[in-house]
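Take a look at the structure below.
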Amino acid sequence: MLNDTLSPVDQCGCGDTGFLTSRTLPIALNHGAGKVINVPVYSCGSSMCDEYRIPSAVASRLDELAEEMEAREVLSIVFSWKTSGEDDTIGYQDSLIQGFIWKFYRRSYEDAQVLFVINGDALVLQSKLDPSEYYILKRLEESKDGIFFSFSKFIEEDEELTYEKYIELEPSFQKELGTVKMEEVEDMLIEEFGEVCD
């Protein structure tokens, strides 16, 4: 339905590049101050920015949810594309995950830098300490326990690895370092490579 219109990357409310993420938004209701949980919004992800932009398809759905909340006299509801009672498959989940990956694009850590993002499903990092060491964070099939990523390492003598060279190479001799839940990716990268550099 409307889910297809949500791109993983758009514009944040501050005018910078925004990545699709979800947040809890306040909503004014006749019977009090309410909130809608897990609303898809575009945010640049900067700790200095508290702006965000609500996609137009989401804004019209928020109006419908406000009417539903008033009719049911509830103050809190989880964002969904379907009315309560209907089966709701989260169709925008894929865009949310891709938006999560794209926000790492060009990010630099003390000991590594993100070289490129592959199809919004994986990122390739290069070590700053040993430029022949590369790391891949790749999305795995979704499970009932949540969204997981595999974290692997490979060695490549070419210290100027590009997306095109990577696709040709498609490293088959990667050493898997582990799997990590989506909610823990940021902390894991900081633990592995140090703080984010500007």
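The values are calculated or read from the model by the stated rules, or taken from the named source; none is laboratory data. Keep in mind the model is a prediction, meaning the values are calculated, not measured. Glycine gets a Cβ as well: all are built from the backbone with ideal geometry, and neighbour counts include every protein chain shown. Protein only, heavy atoms only, side chains kept; ligands, DNA and RNA dropped before computing areas. Shrake-Rupley method; radii C 1.70, N 1.55, O 1.52, S 1.80 Å.
Is there any pair linking a residue in the stretch 38-50 that is on the phi > 0 side of the Ramachandran plot to one that is of a type in the set (A, V, I, L, M), with Cβ under 8 Å and at least six apart or on different chains, and which?
That search, which allows pairs on different chains as well, returns ASN38/VAL78.
Checking GLY45 against (1) touching a Cys at 6+ places or on another chain (Cβ under 9 Å); (2) at pLDDT 85 or above: exactly one of these is not met. Which one?
(2)
Counting only residues that are open to solvent by less than 20 Å² (accessible area, probe 1.4 Å) and closer than 15 Å to VAL9 by Cβ, which one in the stretch 119-131 is farthest from the chain's Cα centre (by Cα)? Outline the logic, then answer.
So the first thing to find is which residues in the stretch 119-131 are open to solvent by less than 20 Å² (accessible area, probe 1.4 Å), and the list is 120, 122-127.
Retained after the next criterion (residues that are closer than 15 Å to VAL9 by Cβ): 120, 123.
Values: GLY120: 9, LEU123: 12 Å.
Among those that are open to solvent by less than 20 Å² (accessible area, probe 1.4 Å) and closer than 15 Å to VAL9 by Cβ, it is LEU123.
Kindly provide the set of residues from the stretch 178-198 that are among the aliphatic types (A, V, I, L, M) and within 15 Å of GLN126 (Cα to Cα), ordered by number.
Of the stretch 178-198, the ones among the aliphatic types (A, V, I, L, M) are 180, 182, 185, 188-190, 196.
Correct list: LEU189, ILE190, VAL196.
Right, GLU51: acidic (Asp, Glu), open to solvent by 70 Å² or more (accessible area, probe 1.4 Å) and closer than 19 Å to TRP102 by Cα or not?
Values: acidic (Asp, Glu): yes; open to solvent by 70 Å² or more (accessible area, probe 1.4 Å): yes; closer than 19 Å to TRP102 by Cα: yes.
It is true that GLU51 is acidic (Asp, Glu), open to solvent by 70 Å² or more (accessible area, probe 1.4 Å) and closer than 19 Å to TRP102 by Cα.
Across the stretch 20-45, what is the number of residues that are more than 20 Å from GLY120 (Cβ to Cβ) and either aromatic (Phe, Trp, Tyr) or part of a loop (DSSP other than H, G, I, E, B) (or both)?
Going through the stretch 20-45 one residue at a time, the tally reaches 2.
Give the number of residues within the stretch 128-170 that are of a type in the set (Asp, Glu) and either in contact with a helix residue (DSSP H, G or I) (Cβ under 9 Å, 6 or more places away or on another chain) or not assigned by the TED database to the domain that holds MET188 (or both). Even if it seems obvious, please write down each step before you answer.
Filtering the stretch 128-170 down to residues of a type in the set (Asp, Glu) leaves 130, 133, 141-142, 145, 156-160, 164, 168, 170.
Of the ones still in play, those that are also either in contact with a helix residue (DSSP H, G or I) (Cβ under 9 Å, 6 or more places away or on another chain) or not assigned by the TED database to the domain that holds MET188 (or both) are 142, 156, 158.
So the count comes out to 3.
Report, by residue number, each residue of the stretch 15-43 that is open to solvent by less than 10 Å² (accessible area, probe 1.4 Å) and of a type in the set (Lys, Arg).
Residues satisfying the conditions do not exist here.
Which one is nearest to HIS31 (Cα to Cα), of the residues in the stretch 61-84 that are charged (D, E, K, R) and exposed (fewer than 12 other Cβ atoms within 10 Å of the Cβ)? So that I can check it myself, show each step before the final result.
The initial filter retains those residues of the stretch 61-84 that are charged (D, E, K, R), namely 61, 63-64, 67-68, 70, 72-73, 82.
Filter once more, so that each one left must be exposed (fewer than 12 other Cβ atoms within 10 Å of the Cβ): 63-64, 67, 72-73.
Values: ASP63: 15, GLU64: 16, GLU67: 11, ARG72: 11, GLU73: 7 Å.
This residue is GLU73.
Let me confirm something: among PHE79, PHE104, which residue is among the hydrophobic types (A, V, I, L, M, F, W, C) and under 22 Å from GLU160 (Cβ atoms)?
Values: PHE79 fails: under 22 Å from GLU160 (Cβ atoms).
Unique residue meeting the criteria: PHE104.
Looking only at the stretch 143-161, which residues are touching a residue at least 24 places away in the same chain (Cβ under 8 Å) and surrounded by 13 or more Cβ atoms within 10 Å (Cβ to Cβ)?
The answer is ILE147, PHE148, PHE149, SER150, PHE151, SER152, LYS153, GLU156, LEU161.
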